[in-house]
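Comments concern the structure below.
The values are calculated or read from the model by the stated rules, or taken from the named source; none is laboratory data. Note that the structure is a prediction, hence the values are computed from the model and not measured. Methodologically, a virtual Cβ is constructed for each residue, glycine included, from the backbone with ideal geometry; neighbour enumeration extends over all protein chains shown.
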């Protein structure tokens, strides 16, 4: 008994192809192999071979374009079980990705983002307290403690994001959080300059940079919600 024709191979397509792909492949093969195309240039044997090729193409198309027939055919050549296993693998992969995503959001992303937003959102109030008397030792000490807390918060958030690579679906959100941290770090530099020379321009620049950082944090959160 001769080897059974593989209809997917006859049409030159993969078993995962959809109906539109099957139709396209069939049309291309008809244009290339239809017996009438070279009929006048062929001898009797060539005409017989061309007809047989076209019959195989027609038979393969008839089976694969019909959903019921294709399902039955896939079972006979062992593809059905393979296809089902592939679906299971894809489902498991999606479940694992979703689990990794939820764990990352709950233990890394949200805590880092919230801590930064909380500390930077206090900036305007802290500046207002300092401006009551810029030379008051207690106010300066309180403000200095606040600056130190910003540095501590940014360092902890940055280390957390570095030590815990995100799942692929959250890479965009984490990228925006890194932009946020970078802007906030520049603002922190301005505050450290202020502590050394008491130039109010540094306070203003820090406020601008912190505002941008908060906008980046909001963008990161927005991307999470869109996914």
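Quick rundown of the values:
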{"quantity": "Odd one out for residue 210 among (1) at pLDDT 95 or above; (2) surrounded by fewer than 18 Cβ atoms within 10 Å (Cβ to Cβ)", "calculated": "(2)"}
{"quantity": "Count of residues meeting criterion [more than 24 Å from the chain's Cα centre (by Cα) and more than 11 Å from residue 217 (Cα to Cα)] in region 172-188", "calculated": "4"}
{"quantity": "Residue count, region 201-227 (criterion: under 29 Å from residue 136 (Cα atoms) and free of Cβ contacts under 8 Å to residues at least 60 places away in the same chain)", "calculated": "7"}
{"quantity": "Top-ranked residue of region 52-98 - restricted to ones that are surrounded by 12 or more Cβ atoms within 10 Å (Cβ to Cβ) and not in a helix (DSSP H, G or I), ranked as modelled with the lowest pLDDT", "calculated": "77"}
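A quick yes/no check of all residues on (1) surrounded by 14 or more Cβ atoms within 10 Å (Cβ to Cβ); (2) under 23 Å from residue 76 (Cβ atoms); (3) at pLDDT below 90:
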site	(1), (2), (3)
3	no, yes, yes
10	yes, yes, no
17	yes, yes, yes
34	yes, no, yes
50	yes, no, yes
